[in-house]
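Single-structure report; data block below.
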Amino acid sequence: MVPPECAVSALETVYESCFLKFNEGEFGAANGVMLNGSPENPNATHPLEVWTGINFGLAAFLVQMGMEEKAFKLTDAVVKQIYENGLQFRTPEAITAGGTFRASHYLRAMAIWAIYGVLTNFK
């Protein structure tokens, strides 16, 4: 079990580095960035991708730890990318800052329901 203060500290770091410092929080939290927001491996594809389901899971964890405002800011950024790019009926696994996406109809994006579950105590 991780002490709550350690979980909150980790979430703050991920939120700041992977979300706010990655394209100014416009797309969602990127997978593999360093504390300054730069990619840990600039030659790889996955570090600079925003995985929709992972972001929704991260948002659910933020809610669970009492960080609702941050959770909804993150969720809003990802949902905007989905809807503004016409992907609402084929939600992709990954979105890039370059305007590309891959793996549409990927089921991990269903993690958006985890946010609802945490908010309603899974009732």
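The values are calculated or read from the model by the stated rules, or taken from the named source; none is laboratory data. Computed from a prediction, not measured in an experiment: that's the story for all the values here. Glycine gets a Cβ as well: all are built from the backbone with ideal geometry, and neighbour counts include every protein chain shown.
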Residue, modelled with the highest pLDDT, within segment 18-68, restricted to residues that are of a type in the set (Val, Ile, Thr) and farther than 28 Å from residue 117 by Cα: 33
Looking only at segment 38-72, which residues are buried (at least 16 other Cβ atoms within 10 Å of the Cβ), over 18 Å from residue 93 (Cβ atoms) and out of contact with any Leu (no Cβ under 8 Å at 6 or more places or on another chain)? 64
All helices (runs of 4 or more DSSP H) inside segment 1-103 with 3 or more residues being within 10 Å of the chain's Cα centre (by Cα): 52-64, 68-84
In segment 2-16, which residue that is out of contact with any Leu (no Cβ under 8 Å at 6 or more places or on another chain) and of a type in the set (Val, Ile, Thr) is farthest from residue 47 (Cα to Cα)? 2
Being over 15 Å from residue 58 (Cβ atoms) and touching a residue at least 60 places away in the same chain (Cβ under 8 Å) is the filter here; which residues of segment 4-25 pass it? 4, 23
With the first residue restricted to segment 99-114 and required to be surrounded by 12 or more Cβ atoms within 10 Å (Cβ to Cβ), and the second required to be of a type in the set (Phe, Trp, Tyr), Cβ contacts under 6 Å at 6 or more apart or on different chains are 111/56; 112/56
What pairs come up if the first residue lies in segment 26-43 and is on the phi > 0 side of the Ramachandran plot, the second is part of a loop (DSSP other than H, G, I, E, B) and not β-branched (Val, Ile, Thr), and their beta carbons are under 7 Å apart, counting only those six or more places apart or on different chains? 37/21; 37/22
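Can you work out which of the residues in segment 81-98 that are in contact with a helix residue (DSSP H, G or I) (Cβ under 9 Å, 6 or more places away or on another chain) and more than 21 Å from residue 60 (Cβ to Cβ) is surrounded by the most Cβ atoms within 10 Å (Cβ to Cβ)?
Among those that are in contact with a helix residue (DSSP H, G or I) (Cβ under 9 Å, 6 or more places away or on another chain) and more than 21 Å from residue 60 (Cβ to Cβ), it is 96.
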